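Any read-out appearing in this document is the output of simple, stated calculations on the displayed coordinates, not a laboratory observation. What you are looking at is a predicted structure, and each value in this text was computed from that prediction instead of being measured. So basically every Cβ, Gly included, is an ideal-geometry build from the backbone, and we count neighbours across all protein chains shown.
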Ligand SMILES: [Mg+2]
């Protein structure tokens, strides 16, 4: 890429572009994070680990190498339904965001829970989006088993599609699943094949959320879904459009896609590496390749050098936006 003079060439012949990924609004005091784009014969890969979120650097690198050197399996579909996301904000703000999501054509909205006025927030969103919109919650493992039992039971009256990671461990997820009627999804508690097999053995969840970077690539994520023996739901790690394209590739080649995916996150960034970012229209993302713009990559590279490798702000709480 001639426009980015900061690129390094790896021993394997790939070009590495360091970038800074700025958030539109600070997330828990964090303004952005460093990332690395790998440019190879098959395309582009992204390594962009989010502070405080469980993702092994080696897995993220493997995912990026897959994208740059090998590419992804052939897509089975071109249209990927995606969900809107509402952070753990006040009920009033959540209602506004829910209405905006509804008006933008989303059929599925995810609400973060586990802090603040959960019931008020979920009620406000359900009121805003109407009875037909699917409503899912994500607690990022915030609750202990007993609290989760009470919370999920209390929130079930808002007609929930599913609850992601209400408790932290697969063992507690399995216990909770026998106590409540709402479908439960595992997310952070599955970070590889062993976890996926344990999920299956324990019958711990009804679906598994899969992210390309923490699982080490699209092919590895496919293996995880197969081993878990439940439906797979793809979500992002707040990547640029290069990383989102990997998530889309995974959603496109899952044998079955029954649920909206959490890939509508490009709008949370203040800048992207392409002038044609992967943003949804009418709650749907189209599967397509992403080729970064050298000028934008160079600009984000300079921002990264200005940040000088410093962490800007405090690390985000684990997965508060994922
Ligand atoms: Mg989640």
For this session: List the pair-distance distribution P(r) of region 187-267, using every Cα-Cα distance, as the percent of pairs falling in each 10 Å bin from 0 up to the bin containing the longest distance, rounded to whole percents.
Result: 21, 55, 21, 2
Problem set entry | Isotropic mean projected area of the C-alpha convex hull, region 55-121 (nm²) | 7.1 nm²
For this session: In vacuum, with every alpha carbon of the chain counted as one equal point scatterer, what does the Debye formula give for log10 I(q)/I(0) at q = 0.07, 0.13, 0.14, 0.15 Å⁻¹? Two decimals, please.
Result: -0.26, -0.92, -1.07, -1.22
Exercise. How many percent of the alpha carbon pairs in region 146-206 exceed a separation of 13 Å?
Worked result: 56 percent
Seminar exercise, completed: With only helices counted (DSSP H, runs n ≥ 4, each -39500 (n - 2.57)), the per-residue ellipticity at 222 nm for the chain, to the nearest 500, works out to -9500 deg cm²/dmol
Problem set entry | Ranked 211, 110, 123, criterion: other C-beta atoms within 10 Å, fewest first | 123, 110, 211
For this session: Give the percent of DSSP beta bridges with both residues in the chain that are antiparallel, rounded to the nearest 5.
Result: 50 percent
Seminar exercise, completed: Taking Cα atoms only, helix 294-307 is inclined relative to the longest principal axis of the chain by an angle, in degrees rounded to 10, of 80 degrees
Seminar exercise, completed: Where a ≥ b ≥ c are root eigenvalues of the Cα gyration tensor, a/c under 1.5 meaning rounded, otherwise prolate if a/b exceeds b/c and oblate otherwise, region 176-215 counts as oblate
For this session: Sort region 176-314 into rounded, prolate or oblate with this rule: let a ≥ b ≥ c be the square roots of the eigenvalues of the Cα gyration tensor; rounded if a/c is under 1.5, and if a/c is not under 1.5, prolate when a/b is larger than b/c, oblate otherwise.
Result: prolate
